[in-house]
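Heads up, the thing below is written out as structure tokens.
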Amino acid sequence: MQVLVHCDDQISCSEELIRRVEGVISGTLERFSSRLSQVEAHLGDLNSAKPGERDKVCSLEARIEGGASVLASHEAVTLTEAIHDAADKLKRLLARELQQLDDALENPQADPTARPL
């Protein structure tokens with residue numbers, strides 16, 4: 001699983017920040033790593049230099065092997081909180097999405113989008 005980190009102009013995208021984000025994502029999504037090709041993290045500050053509540057945002061996009069994408073984001077007071085909470089949301093969404101994909105593969109009749117052979 002490849003992790004890519006992007007920052008908007010208001011966030012200093014240092015090597016330390018990139019390593020921290022990669023570590024949080026890799027650790028949180030470890031059990032799914034063999035089924036994910038890539039996770040992109042987008043970090044931003046909604047209010048720029050002005051202080052404000054919940055103005056740090058982390059948006060994550062996980063690409064599942066085979067083409068599907070799962071998105072999660074979180075706004076928080078600190079960038080650390082935004083990163084951790086977005087990763088936790090993504091973990092829950094991936095668990096549900098991958099379970100649905102597995103169920104559809106095991107029982108194609110249960111999948112309303114499956115076409116008859």
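Restricting attention to the stretch 63-111, report how many residues are under 20 Å from Glu40 (Cβ atoms) and either β-branched (Val, Ile, Thr) or in a strand (DSSP E or B) (or both). Residues flagged as under 20 Å from Glu40 (Cβ atoms) and either β-branched (Val, Ile, Thr) or in a strand (DSSP E or B) (or both) within the stretch 63-111 amount to 12. The single condition from (1) surrounded by 13 or more Cβ atoms within 10 Å (Cβ to Cβ); (2) at pLDDT below 95 that His42 fails is (2).
Apart from one condition, Asp55 fits all of (1) of a type in the set (D, E, K, R); (2) more than 11 Å from the chain's Cα centre (by Cα); (3) surrounded by fewer than 16 Cβ atoms within 10 Å (Cβ to Cβ); the exception is (3). Suppose the filter is farther than 19 Å from Leu4 by Cα and either more than 13 Å from the chain's Cα centre (by Cα) or loosely packed, with under 14 Cβ neighbours inside 10 Å (or both); does Arg35 pass it? Criteria not met by Arg35. With respect to Val24, is the statement that it is touching a helix residue (DSSP H, G or I) at 6+ places or on another chain (Cβ under 7 Å), without any contact (Cβ under 8 Å) to a residue 60 or more places away in the chain, outside any loop (DSSP other than H, G, I, E, B) and buried (at least 17 other Cβ atoms within 10 Å of the Cβ) true? Criteria not met by Val24.
Suppose the filter is under 15 Å from the mean Cα position of the chain (by Cα), more than 24 Å from Asp102 (Cβ to Cβ), among the charged types (D, E, K, R) and not in a strand (DSSP E or B); does Asp9 pass it? Taking the combined requirement at face value, the residue does not satisfy it.
The values are calculated or read from the model by the stated rules, or taken from the named source; none is laboratory data. Remember, predicted model here, so these are calculated numbers, not experimental data. Counting neighbours? That spans all protein chains shown, and the Cβs are built from the backbone with ideal geometry, glycine included.
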